[in-house]
Amino acid sequence: MQHLKPNEILDVAIETGAAKSKASFGKLTILGILAGAFIALAASGSNMAAFNLLMDPDTLGLGKALSGAVFTAGLIMVVLAGGELFTGNVLILAAAADGRVRIGQMLRNWCIVYIANLLGSLMIAGMIYYSGQLESGAGLLGALTVKTAATKTGLDFGPAFVLGILCNWLVCLAVWISFGASGTGGKIAGMFFPIWLFVTSGFEHSIANMYFIPAGILAKGSDHFAALSGVSQEALSGLTWSGFLIDNLIPVTLGNLAGGGVFVALAYWLAYRKA
C-alpha cells in the first residue's frame, strides 16, 4: 500500500479531529480511561524490562533504549485497539485552525480525555502496587519506581516544560505518521520509532507521568524501596501529590500542548493548508 503524502495526511488529521470533537461524553470517557490504562501498562512494563539497567549509571543509556522499545506498545494499543489519548488529541488543533472544529469543542475533548486518562493511569498504578509486583528484583523495581518519580517531581518548571515540548512533538509525529499508513504493519512501524526515541531521550509525557509518579508515591511508603532508591530525603520530600500536580503535571502538560500543537498540528497546517 502506498503511504499518504504529507498534505493528504493533513486532510486525514483534520477529518479525525472533527470526528473526535463530536464524540459523546460517555464514549470519550470510556476510551480515555482505556488509553490511560494502556499507557500505564506500557510504563509499568518498560520499568520491569529495564529496572536493573536503569539503576546502574553505566548501563543507563541501554536501559532507556530497552525501556523505550517496550513502551511503544502503549501508543500502538491506543491507536489500533481504540482509545482517546490527550497527547495525541492535541492534533485536533489542526482541525480547529482549519475551521472544522470550534475552540470550545476542542477544549471539551481535551478536558474529558485528560481526566479519563488520569483515572485509567491511577487504576493501573494502584493495581501494580497492590499486586506486589514492585518487589521484583529484590525490591529494585520498587526502588526504580521511587527514583523515577522523585526525579520527575524534582524538575524545575522550565526544564519540565521543554522536555514536555520535545516529547509530544515526537508523540504527535508518531500519530501523524500512522494516519498516512493504511496497513497495520505500516502504522506500527510509523509509531514505533518516534515513541522509542522520546523514551530513550528521557522526555516528559504527561499521561505516562500519571502512572510513573503516583506509582512512585505509593512505593515511597515502603522504607525498603525508598532506601534502595538512593534518593535523598530532600528529593523524597518533594514526591507528594501536590508535587505531582504542581512540579510536574502542569509544566509537562503545557509543554505537551506546545510541542504537538505548534510543531506538528499548526506547522503542517500552515505548510499544507489549501489556499
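Could you tell me whether any residue of segment 51-68 is more than 21 Å from residue 230 (Cα to Cα), of a type in the set (Lys, Arg) and out of contact with any His (no Cβ under 8 Å at 6 or more places or on another chain)? No, segment 51-68 has no match at all. Across segment 217-260, the qualifying residues are those that are closer than 24 Å to residue 53 by Cβ and among the hydroxyl-bearing types (Ser, Thr, Tyr), and the one among them that is surrounded by the most Cβ atoms within 10 Å (Cβ to Cβ) is 229. Residues in segment 174-184 that are in a helix (DSSP H, G or I) and of a type outside the set (A, V, I, L, M, F, W, C) were compared, and the one that is surrounded by the most Cβ atoms within 10 Å (Cβ to Cβ) is 178.
Within segment 134-152, residues that are within 17 Å of residue 241 (Cβ to Cβ) and touching a residue at least 40 places away in the same chain (Cβ under 8 Å) reach partners that are among the basic types (Lys, Arg) and in a helix (DSSP H, G or I) with beta carbons closer than 9 Å, at six or more positions or on different chains, in the pairs 145/220; 146/220; 149/220; 150/220. Of all the numbered requirements in (1) within 28 Å of residue 16 (Cβ to Cβ); (2) in a helix (DSSP H, G or I); (3) of a type in the set (A, V, I, L, M, F, W, C), residue 143 misses one, and that requirement is (1).
Among the residues of this structure, residue 80 counts as one that is part of a helix (DSSP H, G or I), touching a helix residue (DSSP H, G or I) at 6+ places or on another chain (Cβ under 7 Å) and over 22 Å from residue 255 (Cβ atoms). Can you tell me which residues in segment 185-231 are among the hydroxyl-bearing types (Ser, Thr, Tyr), in a helix (DSSP H, G or I) and either under 19 Å from residue 137 (Cα atoms) or modelled with pLDDT under 95 (or both)? Result: 229, single match. Picking from residues in segment 98-128 that are surrounded by fewer than 14 Cβ atoms within 10 Å (Cβ to Cβ) and not in a helix (DSSP H, G or I), the one that is modelled with the highest pLDDT is 102. Restricting attention to segment 55-85, the residues that are touching a Ser or Thr at 6+ places or on another chain (Cβ under 7 Å) and either of a type outside the set (A, V, I, L, M) or under 21 Å from residue 125 (Cα atoms) (or both) total 5.
The values are calculated or read from the model by the stated rules, or taken from the named source; none is laboratory data. All values derive from a computational prediction rather than experimental measurement. No Cβ is skipped: glycine too gets one built from the backbone with ideal geometry, and neighbour counts run over all protein chains shown.
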